[in-house]
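These notes concern the structure reproduced below.
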Amino acid sequence: MPDWEPNWEDVRWDHGAAQGAISALRRAADMLDQTAEERARKARDATEEWRGRYREEFDDHLRQILKRAHDLARECRDKSNELARADQRAFDEQRQRVRERERWRREKRDEDRERRRQQKEAG
């Protein structure tokens with residue numbers, strides 16, 4: 001028997017759920033960017049002739065809202081990318097475990113074959 005053991009447990013990871021979350025995060029990010037751009041466009045149209053202190057307050061508030069929307073979109077994309085990397089790592093780890101199990105079985109089969117050959121010669 002080989003003098004090492006592979007990891008016999010499968011990786012516990014739901015690739016379908018991960019892909020669903022990745023897609024949802026990316027859709028949310030796109031929607032946040034699109035709605036922010038639409039808000040900015042509508043605000044430009046609505047405030048074209050507006051002047052004074054209240055216009056400046058409105059512009060400051062709008063900038064904060066748009067920045068937060070874009071920041072949140074970026075965070076969603078960052079999290080979706082992190083999740084995609086974790087999904088890939090889980091896939092790679094499972095593939096590695098399967099390869100190690102196959103290697104262990106090959107080594108065991110070779111050792112068993114050698115042992116039978118030696119027993120045959122001895123006896």
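Just so it is clear, none of the values below were taken in a lab; they were calculated from the coordinates. Predicted model, so just to flag it, every value in this text is computed and none were measured. Cβ atoms come from the backbone with ideal geometry, glycine included; neighbour counts cover every protein chain shown.
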> Does the range 32-52 hold any residues that are surrounded by 13 or more Cβ atoms within 10 Å (Cβ to Cβ) and touching a helix residue (DSSP H, G or I) at 6+ places or on another chain (Cβ under 8 Å), and which are they?
Replying inline: 32, 33, 35, 36, 39, 40, 43, 47
> Here are some residues: 63, 51, 95, 68. Which one is out of contact with any Phe, Trp or Tyr (no Cβ under 8 Å at 6 or more places or on another chain), in a loop (DSSP other than H, G, I, E, B) and among the basic types (Lys, Arg)?
Replying inline: 51
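Inspect all residues belonging to the range 72-90 and state whether any of them is more than 19 Å from residue 21 (Cβ to Cβ) and in contact (Cβ under 8 Å) with a residue 24 or more places away in the chain.
If we filter the range 72-90 for residues that are more than 19 Å from residue 21 (Cβ to Cβ), which is where we start, we get none.
No, the range 72-90 contains no residue that is more than 19 Å from residue 21 (Cβ to Cβ) and in contact (Cβ under 8 Å) with a residue 24 or more places away in the chain.
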>> Of the residues 55, 27, only one is surrounded by 12 or more Cβ atoms within 10 Å (Cβ to Cβ), charged (D, E, K, R) and within 15 Å of the chain's Cα centre (by Cα); which?
In response: 27
